[in-house]
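Peer 1: Dumping the structure here so I can ask a few things about it.
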Amino acid sequence: MPPSPQQQQDPQAQHRLAVLRHAEEITGNVALTCRYYGISRTCFYKWQRRYQDEGLDGLRDRSSKPHHCPHATEADVVNKIVYLRQHYHFGPMKIKMYLKRYHDIDIACSAVYRILKKLGMNRLPASQRYQRHDKRYTRYEKQQPGNRVQLDVKFIEPIGLPEQAPATAPTTGAPFLDYVLDRLPFRIEIIQTDNGAEFQSAFHWNVLDKGIAHTYIKPASPHLNGKVERSHRIDAEEFYRMLDGIVIDDTGVFNDKLREWEDYYNYHRPHGAQTPYERLKQKTEAPV
């Protein structure tokens, strides 16, 4: 029986199904999949049993969650905290949010901090620490999605092939723009880019032809594209690094993993108070 529209729209159930399929169709290994998604094998097998017994309905959140995980021992919780700290550099607040959302574990931020301090993990490496407040730039958010979109591209070496093109290919920006416009669920008014060769004349006129304004940031000022720079950093820390040790010589497999990461980032990854999807939904539903 095909899933109902309500089932299809449940991002939590779809994410858990993607995890099960990842183990079956991509890695063929439960341990590697659990490492990739940052979950325990106990959690994986629980989802697997529910899916076998109830189908997609079994992967949806229960109507009455326990206030804590009755089967989680202190060692289990500590292991999860250590894993999230080492692999994702999450702070106490994000660790608390992650454990609650994905493992039904309630733990105070102060308790997470005490565990990290006891293990000597309460201070991140210098390269991962936030700058002092007086050296950080002011964050901003436009009133409506699409008012101003920061755009950038990341060049990666073709899988299984030697590098043929220069590091910055001027023809890359235009097709990427079409891809972005097709994927975003809102209209873009202004696109903001750096001054790279890929964003010059061909890209610039392509943007204007679509009725969208195009503006460049000040040269040598990457902080002005701070949102997209932050996105690159998270991709490097939490996506590309998680591929270490997994040989990928197929573009299709890589794109599947990239789509899984995109889904996780937009719908499930802790981002402070809200995921990007939750924030977008709030902004588009709020009266102007």
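Peer 1: For the stretch 192-228, which positions are charged (D, E, K, R), closer than 19 Å to F155 by Cα and part of a loop (DSSP other than H, G, I, E, B)?
Peer 2: D194, the sole residue that qualifies.
Peer 1: Which of the residues belonging to the stretch 1-25 are at pLDDT 85 or above and among the aliphatic types (A, V, I, L, M)?
Peer 2: Answer for the stretch 1-25, where residues must be at pLDDT 85 or above and among the aliphatic types (A, V, I, L, M): A13, L17, A18, V19, L20, A23.
Peer 1: Filter the stretch 90-105 down to the residues that are in contact with a helix residue (DSSP H, G or I) (Cβ under 7 Å, 6 or more places away or on another chain) and closer than 12 Å to G38 by Cβ, then identify the one that is modelled with the lowest pLDDT.
Peer 2: Once the filter is applied, the top-ranked residue is H103.
Peer 1: Then there is this: Of everything in the stretch 199-220, what is in contact with an Asp or Glu (Cβ under 9 Å, 6 or more places away or on another chain) and over 24 Å from P145 (Cβ atoms)? Give them in sequence order.
Peer 2: Correct list: P219 only.
Peer 1: Sort out which residues of the stretch 183-195 are touching a helix residue (DSSP H, G or I) at 6+ places or on another chain (Cβ under 8 Å) and either over 16 Å from N147 (Cβ atoms) or loosely packed, with under 13 Cβ neighbours inside 10 Å (or both), and write them in order of number.
Peer 2: P185, D194
Peer 1: Report yes if Y265 is modelled with pLDDT of 85 or more, under 20 Å from I95 (Cβ atoms) and assigned to a helix (DSSP H, G or I), otherwise no.
Peer 2: For Y265, the condition - modelled with pLDDT of 85 or more, under 20 Å from I95 (Cβ atoms) and assigned to a helix (DSSP H, G or I) - is met.
Peer 1: OK, next. Kindly provide the set of residues from the stretch 132-187 that are among the acidic types (D, E), closer than 22 Å to N255 by Cα and modelled with pLDDT under 55, ordered by number.
Peer 2: E163
The values are calculated or read from the model by the stated rules, or taken from the named source; none is laboratory data. Treat the numbers as computed from the prediction; the structure is a model and nothing was measured. Reconstructed Cβ throughout: ideal geometry from the backbone, glycine too, with neighbour counts over all protein chains shown.
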